[in-house]
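Down below is the structure, laid out as structure tokens.
The values are calculated or read from the model by the stated rules, or taken from the named source; none is laboratory data. Keep in mind that what you see is a predicted model, and the values were worked out from it rather than measured. FYI the Cβ positions are ideal-geometry reconstructions off the backbone, even for glycines, and counts take in every protein chain you see. For the accessible areas, the whole protein counts, side chains as well, though only heavy atoms, and no ligand, DNA or RNA atoms are used. Shrake-Rupley method; radii C 1.70, N 1.55, O 1.52, S 1.80 Å.
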Amino acid sequence: MTDPFGAIVRGDTTKKEIALVFTGDEFADGGPVIRKTLRERRVPASFFLTGRFYRNPAFHGLIKGLRADGHYLGAHSDEHLLYCDWGKRDSLLVTEGQFRTDLENNYKRMRRFGIRKQDAQFFLPPYEWYNAQITRWTRKAGLTLVNFTHGTRSTADYTYPEMGKSYRGSDEIYRSILEHERVSPHGLNGFILLVHIGTDPRRTDKFYDRLDRLIGELEGKGYTFRRIDDLLGP
């Protein structure tokens, strides 16, 4: 399933399969908890990380561990650029040259961990914000642009209380996932469920601490978890 901008945002809605996706840029505090939970649950996941994340020495051990565990490691832009205006989405803030250079730099960082471009053909854009031109440029670069499936508040796990009305606590996020599963005609079938590998220290109510419970509850409803390349195919 694609959105109006051409990004793939969902897999097969006839199958009870979910791609659990994590993005990361400057924070990785949830890494140890997430990795431990996935290993104990034997759940494969996908991690889209910026070049800044890949080149941070403090994160190298985690990256190597995730790769050794068999998870999908992909690109999320090198410098976490904002591609288009928040209020006027068709207004680009980068040129094609800037886009391509930044993207290639991201993959250059990944090669140091043995991740080749052909092994990571899916690209998840920074801020999960893009337009049709970005999708076309991604395609020209030989990649496929993907984004999360809308319908839950899972992506709000980065918010913190000082953000005021934008803040979403972990209880609310958790409930939104289960409520969408309950009321949506297709449940969470083919869902790309996005959360963050780390968040600002000002958020003390960390949603990744609910990951084990969430996986168990969804597995109890008959769902299985897939890497994003398995969910969407080649």
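Remarks
- Yes/no for residue 175 being among the basic types (Lys, Arg) and more than 25 Å from residue 39 (Cβ to Cβ): yes
- Taken over the range 46-93, the criterion of being aromatic (Phe, Trp, Tyr) and exposed (fewer than 13 other Cβ atoms within 10 Å of the Cβ) is satisfied by 86 alone.
- Count - residues of the range 117-132 that are assigned to a helix (DSSP H, G or I) and either open to solvent by 50 Å² or more (accessible area, probe 1.4 Å) or modelled with pLDDT under 95 (or both): 4
- The range 167-222 - residue that is farther than 22 Å from residue 26 by Cα and aromatic (Phe, Trp, Tyr) and, of those, farthest from the chain's Cα centre (by Cα): 174
- Residue satisfying condition, being touching a residue at least 12 places away in the same chain (Cβ under 8 Å) and under 18 Å from residue 207 (Cβ atoms), within set 47, 59, 53, 5: 47
- Hey, residue 135 open to solvent by less than 20 Å² (accessible area, probe 1.4 Å), farther than 21 Å from residue 53 by Cα and not in a helix (DSSP H, G or I) or not: no
- Among the residues making up the range 181-234, those that are acidic (Asp, Glu) and open to solvent by less than 50 Å² (accessible area, probe 1.4 Å) are 181, 200, 205, 229.
- Set 199, 224, 152: member being of a type outside the set (A, V, I, L, M, F, W, C), more than 16 Å from residue 20 (Cβ to Cβ) and modelled with pLDDT of 95 or more: 199
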